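Asks: This is the structure I have questions about; it appears just below.
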Amino acid sequence: MKQKIVIGNWKNYLDVHETLELATKISNEEIQDNIKLMISPCNLYLNKVNQILKETSVEVIGQNITSYESSSDTGGVTAIGLKNIGVNRSIIGHSEVRKRNKTFKSEDILKQIIPAKFNFVLCFETIEQIPFNILNNDFEIILAYEPVWAIGTGETASIEHINEIHSLVKAELLGLNLEIPVLYGGSVNPNNSNEILTQELVDGVLVGGASTKYEDLHKIINSI
Ligand code: 13P
């Protein structure tokens, strides 16, 4: 089986002590070659977590990038800012961001990060939210299907539903000659990770709550 991607999105669940403790445990974890693990801590602790994990195969990534290009965007996190601290990828377009920002358009962020060749994980709830026309193979793009009703609810999408959406997206990508992994996110846990990760059409999982508990994360990354 090809390598699968597991991304732990820690959102704002953990305080500084919990974050550093979990990052330290992960730094001692033996990760099999069939898994590429990425961790997305709260932006406040990104630099510190990146230092803890820098000698490992785990990639530390951002949770969001500002839609505004301007360096006068108070409170905004830019692709350049993340690059400065050695972080080369971020989640963008998470449904929790789209909910706060009703005018959110992936294109606004992609305008600044595509020229910067900054890697990203674009979350989508509907296929219409994927700007296929501006995606390319020049740098690493990951797509993540996250149905909003499955996020943090314990209600995982059925395997049939996941496969249906992934096959539609993959058909579009194939038509455009794009090689882009498509992940699933929404109530992934140690009990369902094997079934989801072993689907041919699923290139990995984006995990929220379960990734903040060491035992659960350990089981998920060892479930295949
Ligand atoms: P849960 O795994 O907690 O449902 O969160 C999913 C998610 O939003 C990951 O980005």
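The values are calculated or read from the model by the stated rules, or taken from the named source; none is laboratory data. Fair warning: this is a prediction, and the values are worked out from it, not measured in the lab. Glycine gets a Cβ as well: all are built from the backbone with ideal geometry, and neighbour counts include every protein chain shown.
Asks: For region 66-74, check the following and say yes or no: at least one residue is over 19 Å from Ser223 (Cβ atoms), within 16 Å of the ligand (Cβ to nearest atom), under 17 Å from the mean Cα position of the chain (by Cα) and not charged (D, E, K, R).
Replies: no
Asks: Right, another one. Does any residue in region 82-107 that is assigned to a helix (DSSP H, G or I) come within less than 8 Å, Cβ to Cβ, of a residue that is charged (D, E, K, R) and modelled with pLDDT of 90 or more six or more places away or on a different chain, and which pairs are these?
Replies: Ser95/Glu125; Ser95/Glu146; Glu96/Lys11; Arg98/Glu125
Asks: While we're looking at this one, here's another question. Conditions: (1) within 20 Å of Met38 (Cβ to Cβ); (2) of a type outside the set (Asp, Glu); (3) away from the ligand (no atom under 16 Å from the Cβ); (4) touching a Ser or Thr at 6+ places or on another chain (Cβ under 8 Å). Gln112 meets all but one. Number of the miss?
Replies: (1)
Residues checked against (1) free of Cβ contacts under 8 Å to residues at least 60 places away in the same chain; (2) in contact with an Asp or Glu (Cβ under 9 Å, 6 or more places away or on another chain); (3) not in a helix (DSSP H, G or I):
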{"residue": "Asn137", "(1), (2), (3)": "yes, yes, yes"}
{"residue": "Ala144", "(1), (2), (3)": "no, no, yes"}
{"residue": "Gly154", "(1), (2), (3)": "yes, no, yes"}
{"residue": "Val169", "(1), (2), (3)": "yes, no, no"}
{"residue": "Leu173", "(1), (2), (3)": "yes, yes, no"}
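Asks: What number of residues within region 95-109 are more than 16 Å from the ligand (Cβ to nearest atom), loosely packed, with under 14 Cβ neighbours inside 10 Å and charged (D, E, K, R)?
Replies: Qualifying residue count, region 95-109: 2.
Asks: Read through the list (1) under 25 Å from Tyr184 (Cα atoms); (2) among the aliphatic types (A, V, I, L, M); (3) buried (at least 17 other Cβ atoms within 10 Å of the Cβ), then give the number of the only condition that Ile52 fails.
Replies: So the condition that Ile52 fails would be (1).
Yes or no, residue by residue, for (1) more than 10 Å from the ligand (Cβ to nearest atom); (2) among the hydrophobic types (A, V, I, L, M, F, W, C); (3) modelled with pLDDT of 95 or more; (4) part of a helix (DSSP H, G or I):
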position	(1), (2), (3), (4)
His161	yes, no, yes, yes
Ile180	yes, yes, yes, no
Ser187	no, no, yes, no
Glu195	yes, no, yes, yes
Leu206	no, yes, yes, no
Ala210	no, yes, yes, yes
Ile224	yes, yes, yes, no
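Asks: For the structure I just gave you, tell me whether Leu37 is outside any loop (DSSP other than H, G, I, E, B) and either in contact with a Leu (Cβ under 9 Å, 6 or more places away or on another chain) or among the small types (Gly, Ala, Ser) (or both).
Replies: yes
Asks: Same structure, new question: Being within 17 Å of Phe139 (Cα to Cα), of a type in the set (Val, Ile, Thr) and buried (at least 17 other Cβ atoms within 10 Å of the Cβ) is the filter here; which residues of region 66-94 pass it?
Replies: Val87, Ile91, Ile92
Asks: Before we move on, is Val77 farther than 30 Å from Leu201 by Cα, among the hydrophobic types (A, V, I, L, M, F, W, C) and touching a helix residue (DSSP H, G or I) at 6+ places or on another chain (Cβ under 7 Å)?
Replies: Yes; evaluated as a whole, the condition is true for this residue.
Asks: Would you check which residues across region 51-94 are within 21 Å of Glu125 (Cα to Cα) and charged (D, E, K, R) and list them?
Replies: Passing the criteria: only Arg89.
Asks: Which numbered condition trips up Gly154, out of (1) within 15 Å of the ligand (Cβ to nearest atom); (2) on the phi < 0 side of the Ramachandran plot?
Replies: With (1) within 15 Å of the ligand (Cβ to nearest atom); (2) on the phi < 0 side of the Ramachandran plot applied to Gly154, the lone miss is (2).
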